[in-house]
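The values are calculated or read from the model by the stated rules, or taken from the named source; none is laboratory data. As the structure is a computational prediction, the values presented were derived from the model and not from experiment. Here the Cβ positions follow ideal geometry from the backbone for every residue, glycine too, while neighbour counts run over all protein chains shown.
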């Protein structure tokens with residue numbers, strides 16, 4: 001039996017989010033340029049998207065490029081942005097073939113206009129797909145998202161569209177970038193770092209967290225399946241006792 005055979009298809013996480021970490025360290029360990037790690041990481045994106053779709057995951061969100069990443073050396077930023085766009089364009093026919101719908105969240109005002117337009121074309125081309133939704137968190141940070149949400153809700157209150165006392169958790173959730181996506185059931189982080197890195201802070205309030213020391217370029221289908229199996233071994237209580245859940 002393979003690991004995929006050990007997965008209980010009746011208890012799958014609906015939404016898996018991944019912090020794809022370790023590209024640079026993977027390249028450094030091989031005496032290669034950091035860009036080589038990013039290139040190899042693209043292959044892992046394809047691999048993980050394929051296995052997530054095959055298993056039956058409904059939503060897969062990948063932390064592709066943070067707002068903080070804009071502070072990296074310009075050469076690396078330019079190379080990363082070019083790589084992301086070219087890779088998505090190249091993969092779009094296969095996304096359509098596999099019924100995968102592409103979407104993205106983030107502060108797109110910071111992105112080069114050409115890169116944004118080309119990615120939007122890929123999103124439009126896959127908009128009819130009804131299988132896995134692949135969400136790229138691109139030029140994204142959770143603090144930016146929550147700040148923008150606060151501004152939006154404050155403007156609604158100023159306009160008389162809602163009263164401050166009527167604001168609740170649903171008001172916030174419904175005005176986030178992910179308002180049309182369920183919160184992640186499982187958050188995976190590769191590369192071994194024990195932090196969230198400003199990713200989906202509101203949405204992962206009750207997500208199960210799985211951290212592996214494996215660098216993203218080495219993360220394969222079996223590793224993804226192992227994360228799902230680990231998720232299925234946990235008891236999700238949402239603040240309740242085990243007895244209440246049972």
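Here are the numbers for the structure shown:
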| read-out | value |
| --- | --- |
| Given (1) closer than 24 Å to residue 143 by Cα; (2) touching a helix residue (DSSP H, G or I) at 6+ places or on another chain (Cβ under 6 Å); (3) at pLDDT 95 or above, number of the condition residue 44 does not satisfy | (1) |
| Flag for residue 39 being within 15 Å of residue 218 (Cβ to Cβ) and in contact with a strand residue (DSSP E or B) (Cβ under 9 Å, 6 or more places away or on another chain) | no |
| Some residue of segment 75-90 being outside any loop (DSSP other than H, G, I, E, B), in contact (Cβ under 8 Å) with a residue 60 or more places away in the chain and within 26 Å of residue 192 (Cα to Cα) | no |
| First in segment 195-215 and more than 16 Å from residue 182 (Cα to Cα), second anywhere and modelled with pLDDT of 95 or more and loosely packed, with under 14 Cβ neighbours inside 10 Å, Cβ under 6 Å, 6 or more apart | 198/143; 213/192 |
| Residue 171 closer than 24 Å to residue 184 by Cα and assigned to a loop (DSSP other than H, G, I, E, B) | no |
| Residue 31 assigned to a helix (DSSP H, G or I) and either surrounded by fewer than 22 Cβ atoms within 10 Å (Cβ to Cβ) or touching a residue at least 24 places away in the same chain (Cβ under 8 Å) (or both) | no |
| Single match in 153, 172, 167, 229 (criterion: without any contact (Cβ under 8 Å) to a residue 60 or more places away in the chain, surrounded by 12 or more Cβ atoms within 10 Å (Cβ to Cβ), more than 28 Å from residue 69 (Cβ to Cβ) and in contact with a helix residue (DSSP H, G or I) (Cβ under 7 Å, 6 or more places away or on another chain)) | 167 |
| Qualifying residue in segment 46-65 (condition: out of contact with any strand residue (DSSP E or B) (no Cβ under 6 Å at 6 or more places or on another chain), within 24 Å of residue 115 (Cα to Cα), surrounded by 16 or more Cβ atoms within 10 Å (Cβ to Cβ) and without any contact (Cβ under 8 Å) to a residue 40 or more places away in the chain) | no |
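This table checks each residue for (1) within 13 Å of residue 139 (Cβ to Cβ); (2) modelled with pLDDT of 95 or more; (3) surrounded by fewer than 16 Cβ atoms within 10 Å (Cβ to Cβ); (4) touching a strand residue (DSSP E or B) at 6+ places or on another chain (Cβ under 9 Å).
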| position | (1), (2), (3), (4) |
| --- | --- |
| 69 | yes, no, no, yes |
| 76 | no, no, yes, no |
| 79 | no, no, no, no |
| 97 | no, yes, yes, no |
| 103 | no, yes, no, yes |
| 112 | yes, no, yes, no |
| 119 | yes, yes, no, yes |
| 126 | no, yes, no, yes |
